[in-house]
1. From (1) exposed (fewer than 13 other Cβ atoms within 10 Å of the Cβ); (2) under 20 Å from THR68 (Cβ atoms), pick out the condition that doesn't hold for LEU98.
2. Would you pick out the residues in the stretch 106-162 that are part of a loop (DSSP other than H, G, I, E, B) and touching an Asp or Glu at 6+ places or on another chain (Cβ under 6 Å)?
3. Counting only residues that are part of a helix (DSSP H, G or I) and not aliphatic (A, V, I, L, M), which one in the stretch 181-198 is surrounded by the most Cβ atoms within 10 Å (Cβ to Cβ)?
4. What do you reckon, is VAL14 in the same structural domain as VAL145 (by TED's automatic domain parsing) and modelled with pLDDT of 85 or more?
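The values are calculated or read from the model by the stated rules, or taken from the named source; none is laboratory data. As the structure is a computational prediction, the values presented were derived from the model and not from experiment. Don't worry about glycine lacking a Cβ; one is built from the backbone with ideal geometry, like all the others, and counts go over all protein chains shown.
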Amino acid sequence: MVTSDDALLGEILVARQPIVDEDLLVVGYELLFDDHLAAGGTAVADGDLRAAATVLIDGVLALGREVTTDGDDAYVEVPVELLEAGMLLDLPPEGLVLQIPLDAQPSPALQAALDRHRSAGFRLLLDALQPHDDRWPLLPYVDLVKVDTAGLGEAEALALVRDLVRDDHTVVAMQVEEPATFDRFVGAGARYFQGFFFTRPRVVRARRPLGLPAGHLSLLRELAADEVDLAVVEELIRSDLTLTDRFLRTVDLLSGWREVESVRHGLVLMGTRRLQRWVSLLVLASVQQDRPAELLTTAGARARYCEELQSTRGRAGGLEPFSLGMFSVLGLDGVVDEVVLGDVPVSEEVRSALVGEPGELRDLLDIALSAERADWERLVVLGHGLGLDPPQLARAYHEALRWSAQTRRAQGPG
């Protein structure tokens, strides 16, 4: 039983998974959270609607969509009991998509509840519909339908998507894990897509070296130095017009009311530690032009999470944890080919972790990957191994999401 609402706020284990359109632009995030165990170790009793609402609203939505979803739509699974009780009707519906779970059974009470929520402005989604599903009578009451591409098998899932699209239903294809699978479901008419396919390089790119320009490599090396020379950093940034533009945009956002007069002025305003983070991501952005923009968002969140976890442990570790998370997006499941890492200026410890060798840094990265996948059991076990309890894991991830949202705003379009 939840005994204190305040004890939950900011300490729920939350994960988010992007939902993109056919152009690989993010339209929202599904928010996943441990609804049976609050991060503080407090069990949420089955059937306790107030406790479930507290976890859902205070523990997830109160963090703010500008943080949890970077301002995009939030897709959240809602127990049928909460829908029928109408406990969410006082929430502002903008940007919320309520997912109807697998265990929902059609009934007059549920259908009336769905009608009330749609009338109030909420959008509704039927989760993981199957060909012979008891929930088919609920289709007229929802706005979107998810199809599980992996659970059904691709051929059956494609046929189901075509049937739904033919009947004018908007389909979200979920568990899309490979770029080729994405292409086939686009052809079948699915509108939106969920999965980790955008972090998996197509075969022709799998072993391509990073290919950073010499100036960018020099900039990364300078940032990784124990003593950063601002004059050298200024010269390297100014030598690249794109980096200069993005850097000044970033500093302008961070500096608030202060006018930024030059690159040098921006460097001084930003400070060395923040400079290392931001310029590292700006450089990574320059080599991600042919990849989905969400990959850079993922890089930022992973990098900041690894850094925050290490700081929580009392081991700041310089730029190493941040570089670890940032460059992990260059390989499948956070394992990067040594050829790709050839010219990347990271320490041997970070390099070892990125190629998959076990150790403390690898555990940090695996915690970040577990958080993305909502693998709560592995997340908690790995955290305990590094001396981190669930509330610390949760707070560090929330900080990473806040920083990622700020990064996205500063990067701007293009």
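1. All conditions pass for LEU98, except number (1).
2. Of the stretch 106-162, the ones part of a loop (DSSP other than H, G, I, E, B) are 106-107, 120-122, 127-135, 142-143, 153.
Selection gives ALA128 alone.
3. Kept after step one, since they are part of a helix (DSSP H, G or I), are these residues of the stretch 181-198: 181-188, 197-198.
In the following step, the residues that additionally are not aliphatic (A, V, I, L, M) were identified as 181-185, 187, 197-198.
Details: THR181: 20, PHE182: 22, ASP183: 12, ARG184: 17, PHE185: 25, GLY187: 12, PHE197: 20, PHE198: 21.
Per the criteria, the residue is PHE185.
4. Details: in the same structural domain as VAL145 (by TED's automatic domain parsing): yes; modelled with pLDDT of 85 or more: no.
No, not satisfied.
Okay, residues lined up against (1) within 22 Å of VAL346 (Cβ to Cβ); (2) of a type in the set (D, E, K, R); (3) modelled with pLDDT under 85:
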| residue | (1), (2), (3) |
| --- | --- |
| ASP167 | no, yes, no |
| ALA180 | no, no, no |
| GLN194 | no, no, no |
| VAL204 | no, no, yes |
| PRO213 | yes, no, yes |
| GLY256 | no, no, yes |
| GLY266 | no, no, yes |
